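Some notes on the structure that comes next.
The values are calculated or read from the model by the stated rules, or taken from the named source; none is laboratory data. The structure displayed is predicted, hence computed values, not measured ones. Cβ coordinates were reconstructed from backbone atoms using ideal geometry, including for glycine residues, and neighbour counts include every protein chain displayed.
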Amino acid sequence: MRTWLLHPIIFYPLVVVLAALVIAISARPQSWPRAPAPVAGQTAGAALVLTQASFDAPVSDPDQNLYVTRNFLGQAQALRIAVQPNKPAPSPSDHGVQILLAPGTAAQLAGRPATVVVNYNPLPVNAATGLAVSLQGTGPLAWVSLVAPPQHGALRFEVPAQAGVTALGLRAISTNANQREAYGLEITRISITPHP
């Protein structure tokens, strides 16, 4: 005895719909890159904290690989950056990977030096040897670099004041000789505290 579910008029369209659904889910559209957009972050006392959702849509950099780690629903979890082989330390003409800041957030940082604390995880293979950050706006770019030990940690940068702040720039650094692959790190949290 046949069931109604196995009738060709029902069964074949159902198989086609299920196959299309499996293909759509396997393509993971929730993880596709998004157009760069400014973020407001969260405030914790005087500090601006950038985590998870703040890493959703950064501006990419031609000298670095950029990957936003996402959960199954497509929500950003962390930001991975890796510098291309044999690239020198960033110069004032480099912008790096940029996290664009919303105007209201950026206004709190304009014209004030700040302390930037970056929490990171080294990549299991090809960990970067350093990280550089800069507040970016209408003035000249000033990169501040620190050595990043190959273990979980936090780097504390003292960045100079910048007029008309619009973004925070990030650049992985590798001092490995004869580099053939990209070296980087995973950023899990950024805290920016402007000085009075």
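Summary table below
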{"item": "The stretch 152-185, residues that are surrounded by fewer than 16 Cβ atoms within 10 Å (Cβ to Cβ) and either assigned to a strand (DSSP E or B) or at pLDDT 90 or above (or both)", "result": "His152, Gly153, Ala154, Arg156, Glu158, Pro160"}
{"item": "Failed item, numbered, when Val39 is tested on (1) touching a residue at least 60 places away in the same chain (Cβ under 8 Å); (2) more than 23 Å from Val144 (Cβ to Cβ); (3) within 14 Å of the chain's Cα centre (by Cα)", "result": "(2)"}
{"item": "Flag for Thr105 being polar (S, T, N, Q), surrounded by 14 or more Cβ atoms within 10 Å (Cβ to Cβ) and touching a Lys or Arg at 6+ places or on another chain (Cβ under 7 Å)", "result": "no"}
{"item": "Long-range neighbours under 7 Å by Cβ, at least six apart or interchain, first residue over 16 Å from Leu123 (Cα atoms) within the stretch 79-93, second part of a loop (DSSP other than H, G, I, E, B) and of a type outside the set (D, E, K, R)", "result": "Asn86/Gln179; Pro90/Gly96; Pro90/Trp143; Pro92/Pro140; Pro92/Leu141"}
